[in-house]
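The values are calculated or read from the model by the stated rules, or taken from the named source; none is laboratory data. The structure displayed is predicted, hence computed values, not measured ones. All Cβ positions, even for glycine, are placed from backbone atoms using ideal geometry, and neighbour counts span all protein chains on display.
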Amino acid sequence: MLIPIRKISLWGGVLLVAGMLLFTGCTPVKTATQEGGKTESIVVINPETTAAAQKVLKFYQAVNLDMPRSQLESLLGVTGEVQSDGRVAYHDPQSDYGVLIKYGEDDMVFAKQLLFSEKSPELVALNPFLVTDKQAYRMAAGMPFYEVQDVMGSDGIEISLSKPETGTTKQVIGLGWFNSDGSKAIVYLNLPKGEVISSEFLTSES
């Protein structure tokens, strides 16, 4: 089952790290009718699927904002790779996944982003319906999260989170919906307000 999104708070700490699907292992029960009257089949979310997703997301989920760099690296147990923009990538040796970290001047985690595999089958399995570029670009700035859920068909998977910039309360969270061909829709929300900032649709060649 899916918990009605209108009853879920988007602020006060954490937003649905993997929608409610990842943590509950519930099965989506609604259908989706696409353009032309075609009805998409439903993906059943079973315990094995949930366990697989939790396993590949473990690096991302283990990291908390404001975590000291020394604590993070001790926890993950791997050496980070410094990127050209200064962010540091940590890869899980057991999977193709990882986490990309932006550190603040205090050497604590300012932002984190999921590093996923090319086609991310474990995350595709959590997505009840195929998502399209048309859906992604229906996201107007200021749209509330319950409308995002209505358009996309599910809550999405948290793939990025950052602290508010200095002098603002706007905290940006990114939610992703994955397709089996490697394409994905990403919606960025202002977490305190639960409103859309922007969205994008990425293909496997992006």
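List of remarks:
- Here residue 127 fulfils each of the conditions (1) under 18 Å from residue 185 (Cβ atoms); (2) loosely packed, with under 15 Cβ neighbours inside 10 Å; (3) modelled with pLDDT under 95 apart from (2).
- Unmet requirement for residue 53, which otherwise passes all of (1) in contact with a Ser or Thr (Cβ under 8 Å, 6 or more places away or on another chain); (2) under 19 Å from residue 177 (Cα atoms); (3) not in a loop (DSSP other than H, G, I, E, B): (1)
- Residue ID - surrounded by the fewest Cβ atoms within 10 Å (Cβ to Cβ), chosen from residues in segment 189-206 that are closer than 18 Å to residue 116 by Cβ and touching a residue at least 24 places away in the same chain (Cβ under 8 Å): 204
- Within segment 45-57, residues that are closer than 24 Å to residue 76 by Cβ sit with their Cβ atoms under 6 Å from residues that are charged (D, E, K, R), at 6+ positions apart or across chains, in these pairs: 52/122; 53/122; 56/122.
- Looking only at residues of segment 27-71 that are modelled with pLDDT of 90 or more and more than 20 Å from the chain's Cα centre (by Cα), we find that the one that is surrounded by the most Cβ atoms within 10 Å (Cβ to Cβ) is 69.
- Scan of segment 163-187 for residues that are surrounded by fewer than 19 Cβ atoms within 10 Å (Cβ to Cβ) and either within 16 Å of residue 136 (Cβ to Cβ) or among the hydroxyl-bearing types (Ser, Thr, Tyr) (or both), ordered by number: 166, 168, 169, 180, 181, 182
- Residue within segment 130-145 that is of a type in the set (Asp, Glu), at pLDDT 95 or above and farther than 30 Å from residue 78 by Cα present: yes
- Qualifying position, being more than 20 Å from residue 68 (Cα to Cα), in contact (Cβ under 8 Å) with a residue 40 or more places away in the chain and touching an Asp or Glu at 6+ places or on another chain (Cβ under 6 Å), among 116, 178, 145, 129: 129
- Considering the conditions (1) over 24 Å from residue 171 (Cα atoms); (2) free of Cβ contacts under 8 Å to residues at least 12 places away in the same chain, residue 85 is excluded by exactly one of them, (1).
- Taking the listed residues 180, 199, the one that is touching a Pro at 6+ places or on another chain (Cβ under 8 Å) and of a type in the set (Gly, Ala, Ser) is 180, with no other qualifying.
- Within segment 81-106, considering residues that are among the polar types (S, T, N, Q) and out of contact with any helix residue (DSSP H, G or I) (no Cβ under 6 Å at 6 or more places or on another chain), the one surrounded by the most Cβ atoms within 10 Å (Cβ to Cβ): 83
- Test: residue in segment 107-120 that is under 14 Å from the mean Cα position of the chain (by Cα), modelled with pLDDT under 95 and crowded, with 17+ Cβ neighbours inside 10 Å: yes
- Boolean, residue 135 is buried (at least 17 other Cβ atoms within 10 Å of the Cβ), polar (S, T, N, Q), within 20 Å of residue 175 (Cα to Cα) and in contact with a Leu (Cβ under 9 Å, 6 or more places away or on another chain): no
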